[in-house]
Amino acid sequence: MKANRLQSKRIGLAILTLLMLVAVLLSLMVGVSHFTIGEIFSIIGQCFSAEGETSVADTVFWNLRMPRVVLCLLVGAALSVCGASYQSIFRNPLTDPYILGISSGASLGAAISILMGWESTLVGIGATALATALLTVLLIYKIASIGNRMHTSTLLLTGVCFTFLITAVISFLMVLNQDKMERIIFWTMGSFATASWSDVVAVAPCVVVGICVAIYYSKDLNLLLVGSETAKSLGVDVEKIKKHLLFFTTLMVAFAVSSCGVIGFVGLIVPHCIRLVVGPDNRLVIPYSIFVGGTFLLVCDTLARTVLQPAELPVGSITALAGAPMFIYLLYKSKKQL
């Protein structure tokens, strides 16, 4: 039985990897500058050859298209894994970094960094975004908790209130600093238009570490779904695990927001759809979320930059079109518990 389960997991991951590679190839091909499959492999092959000069096509491919694709995969994986972790920690399928206001908290830190002149390096923005995101998590957790219990309605209302509050603060900051308004608006809408290899280098370590921590605690997350008291009776250090997971998942959200702005609903849609297929076991949900989340966000970004080309839509608007109906459905489905 265990061998069959392991084999099914491997087959599932192989299929998801194949789908992700197809999405990557299609995303590299389409755009204002179109590449054929042959041209893509030719450009990649030139990296291993000392012959030839760098052309405009090479520059577009390596400096614009490729870092954007890689960053999409990293951010999509990060947001999906964060969503799956939050839903298990808070025992609520309606939670994700965007709905809880954590992404907005990180965007506030990014806005403060821009206003203070700390945006010269992504790490500078990321550190401030992490601080404000962690503060947001702490406040939401304290306000929504009643003893050791956390009610769904209180959690959602707290997250919505913090989102509105932070949005109002950011709007106030933009009015006072209109010369930097455009850069701040970028963080609130979500876009990969300015993606670069420096963004990838800054985000990748945080995402890899955060995902490894989530996978390491995936079995404990299954016990948290049953309840904190039950998990404690089975020898799980609940508070320690929650603190570790909340810190590292928030770290991923903070650096994701620092690189591309606020992108909503990825952490809601992807884990829920995966659970509908493979069940609630986080030992499957979290690894699958890495591939499905990255692929989903990459597809959304590809649509965002090709539907109205040469104009470009904010990728957050594409994910919202898919995520908002899903959120309404989940809210309607669970209204008896609210």
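The values are calculated or read from the model by the stated rules, or taken from the named source; none is laboratory data. As the structure is a computational prediction, the values presented were derived from the model and not from experiment. Every residue, glycine among them, receives a Cβ derived from its backbone with ideal geometry; neighbour counts consider all protein chains shown.
Restricting to the range 101-118, count the residues that are among the small types (Gly, Ala, Ser) and not in a helix (DSSP H, G or I).
Let us first name the residues in the range 101-118 that are among the small types (Gly, Ala, Ser), namely 101, 103-107, 109-111, 113, 117.
Subset that is not in a helix (DSSP H, G or I): 101, 117.
Looking only at that region, the number is 2.
Only one of (1) of a type outside the set (A, V, I, L, M); (2) exposed (fewer than 11 other Cβ atoms within 10 Å of the Cβ); (3) closer than 30 Å to residue 271 by Cβ is not met by residue 17, so which one is it?
Here residue 17 meets the rest and fails (2).
Conditions (1) touching a residue at least 40 places away in the same chain (Cβ under 8 Å); (2) under 19 Å from the mean Cα position of the chain (by Cα); (3) in a helix (DSSP H, G or I), marked per residue:
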residue	(1), (2), (3)
13	yes, no, yes
22	no, no, yes
25	no, no, yes
31	yes, no, no
34	no, no, no
59	no, no, yes
75	yes, yes, yes
83	yes, yes, yes
99	yes, yes, no
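Please list, ordered by first then second residue, the pairs with beta carbon atoms under 9 Å, 6 or more apart or interchain, first in the range 163-191 and within 26 Å of residue 304 (Cβ to Cβ), second among the aromatic types (Phe, Trp, Tyr) and crowded, with 20+ Cβ neighbours inside 10 Å.
Cβ pairs passing all conditions: 163/98; 170/187.
Every residue, every condition in (1) modelled with pLDDT of 85 or more; (2) farther than 24 Å from residue 225 by Cβ; (3) under 24 Å from the mean Cα position of the chain (by Cα); (4) not charged (D, E, K, R), yes or no:
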| site | (1), (2), (3), (4) |
| --- | --- |
| 131 | yes, yes, yes, yes |
| 135 | yes, yes, yes, yes |
| 138 | yes, no, yes, yes |
| 144 | no, no, yes, yes |
| 149 | no, no, no, no |
| 153 | no, no, yes, yes |
| 156 | no, no, yes, yes |
| 166 | yes, yes, yes, yes |
| 170 | yes, yes, yes, yes |
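For the range 199-217, name all the residues that are in contact (Cβ under 8 Å) with a residue 12 or more places away in the chain, surrounded by fewer than 20 Cβ atoms within 10 Å (Cβ to Cβ) and over 17 Å from residue 254 (Cβ atoms).
215
Quick one: which helices (runs of 4 or more DSSP H) lie wholly within the range 194-304 and hold at least 3 residues that are at pLDDT 95 or above?
Numbers: elements: 197-216, 218-226, 228-233, 238-260, 266-278.
Filter on the range 194-304 gives 197-216.
Determine whether the range 97-111 contains at least one residue that is surrounded by fewer than 21 Cβ atoms within 10 Å (Cβ to Cβ) and at pLDDT below 95.
Going residue by residue through the range 97-111, those that are surrounded by fewer than 21 Cβ atoms within 10 Å (Cβ to Cβ) are none.
The answer is no; no qualifying residue exists.
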